[in-house]
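One structure is given below, encoded as structure tokens.
Since every read-out is calculated from the coordinates, none of them should be taken as a lab result. On a predicted model such as this, the values are computed, not experimentally measured, just so you know. Here Cβ is always computed from backbone atoms with ideal geometry, including for glycine, and neighbour counts include all displayed protein chains.
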Amino acid sequence: MTTIVFVLLIFAVSVAAGLLGVLTGLGGGVVLIPALVLLFHVDIHFAMGASLIAVITNSSAAAPTFMAKGLSNLRIGLFLETAAAVGAIVGAILVAFVPTSYIGTLLGVVLLYSAYLSSRQRDDLPSDKPSDPLAVRLQMEGEYPGVDGIREYRVYNVLTGTGLLGVAGLLSGLLGIGSGAVKVLAMDRIMRLPYKISTTTSNFIIGITAAASAGVYFSRGYIDPGLTMPVMLGVLAGSTFGARVLIRARSRVLRIIFVIVIAALGIQMVLKSLFGLF
Amino acid sequence: MDEQTKQLETKIQAQMGRILLWGMLASSAIVLMGGILFLIQFGSAHANYTSFDSVGSHIKTVGAVIRGIRDYSGGALIEAGILLLVVFQYIRVIMSAVMFARLRSWFFVGVSLFILAVLVYGLFF
């Protein structure tokens, strides 16, 4: 295959990954890496490097939409990011020492878990219990526009959430993904923030977490220009278009199909990594 | 949180969002230009990304990026656009630090500076 054909094909796949990432709310990276590895037999290190840059691009592209409304909770975001940034650097350094088959298997498992998470219903359950005292001291509580006007929200389990963000950061650095699913899980389920606040705050810190690993990836040569270029531009095009489509189409059937696609990619990734199949 | 604090936070968040968007657009434009140059230079060559050991990106330092741009290397220009994108993420953290300094919330100034230190460590790793 000549480079120009390769670049065009990668661009097309990246558009699809960006689209899928937005429609499932998982972000482009976690879908993109298996696609590059399984379809194009790209070395997983290159795929991770390209994906990491696509993650930063997406997070920056979505920032004006999310941040203009002031929905991201910067106090919570930055507090959690301390753990995520450290985790990301540790993860990025570990890549060189962890066997490729382990990385592939872990990515497959994260993919399957993400598919499971995105197939579940979201519900915000306001609680009467007072917030975590630490959250009160750090002024983390806030308010958000709910269905019936402005509502205040409380914040729980700050330290458990921070620990989980450390894990999210580690996975981000180790796999070249944004770890959005784990970040939202920590804020939405553990800290019990409203879903909207969780996703916007997660988007705010995803770019920072990925930037922490990017330096290590760059100096190790994981970020190849010929591969990263079509991936970055393709995912950007796909997710921008996807965000437009998302406003119109909210079909449940579509969502189930996507979840199945992602689960299938996850299973293939595990099989390929463990047994060298395909 | 009082009304003034909330307003300032919302205003700075909106500014941050806009700066990030412009940074992303600028870096994408540079990557696109580099990409066109790269395809002119290597478009008809054989593509091989299957093995990391035999290929590996040759451009691994800021110095190599600058030298490459002087030689009109498309690949180096792509890497320059990517580095610009990464550097713009630092602005999120720096702007947060400035915002919390204006609010005299020193704990979060410290949190922001800690994250900045981790990012800088990663860059010079």
For the stretch B:10-88, Rg(Cα) over 2.2 N^0.38 Å is 1.33
Inter-chain shielding metric for A:50-57, i.e. average beta-carbon neighbours from other chains within 10 angstrom, reads 3
When the charge dipole of the stretch A:1-155 is computed with +1 on Lys and Arg Cβ and -1 on Asp and Glu Cβ about the Cα centre, the Cα farthest towards its positive end, among A:Val5, A:Phe79, A:Leu38, belongs to A:Val5
Estimated dipole of the stretch A:3-275 in Debye, rounded to 20 [Cβ of Lys and Arg +1, of Asp and Glu -1, Cα centre] = 420 debye
Listed residues B:Ala76, B:Ala45, B:Ala26, most fluctuating in chain B (Gaussian network, C-alpha, under 10 Å) | B:Ala45
Relative contact order in percent for chain A (Cα pairs under 8 Å, 6+ apart) equals 39 percent
Expressed as a rounded percentage, what relative contact order does chain B have, with Cα pairs under 8 Å and six or more residues apart?
-> 30 percent
From the backbone phi of the stretch A:154-159, what are the Karplus-calculated ³J(HN,Hα) couplings (6.51 cos²θ - 1.76 cosθ + 1.60, θ = phi - 60°) in whole Hz, Gly and Pro given as x?
-> 9, 10, 10, 6, 4, 6
For A:Glu143, list long-range residues whose amide hydrogen, built 1.01 Å from N in the peptide plane, is under 5 Å from its own amide hydrogen.
-> A:Tyr153
What average count of beta carbons from other chains do you get within 10 Å of the Cβ of residues in B:15-27?
-> 5
Proximal aspartates and glutamates to B:Lys60, defined as alpha-carbon separation beneath 20 angstrom and excluding residues fewer than eight positions away on the same chain | A:Asp43, A:Asp224, B:Asp71, B:Glu79
Please name which of B:Met24, B:Asn48, B:Gly34 has its Cα lying farthest along the dipole of chain B towards the positive end, using unit charges on Cβ (Lys, Arg +1; Asp, Glu -1) and the Cα centre as origin.
-> B:Met24
Shielding of B:60-70 by partner chains, average beta-carbon count, 10 Å = 1
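Which shape class applies to chain A: rounded if a/c is under 1.5, otherwise prolate when a/b exceeds b/c and oblate if not, where a ≥ b ≥ c are the square roots of the Cα gyration tensor eigenvalues?
Verdict is prolate for chain A.
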For the pair B:Met33 and A:Val261, the simple spin-label estimate (label points 7 Å beyond Cα toward Cβ) gives in nm 3.4 nm
How large is the charge dipole for the stretch B:7-124, taken about the Cα centre, if only the Cβ atoms of Lys, Arg (+1) and Asp, Glu (-1) carry charge, to the nearest 20 debye?
-> 440 debye
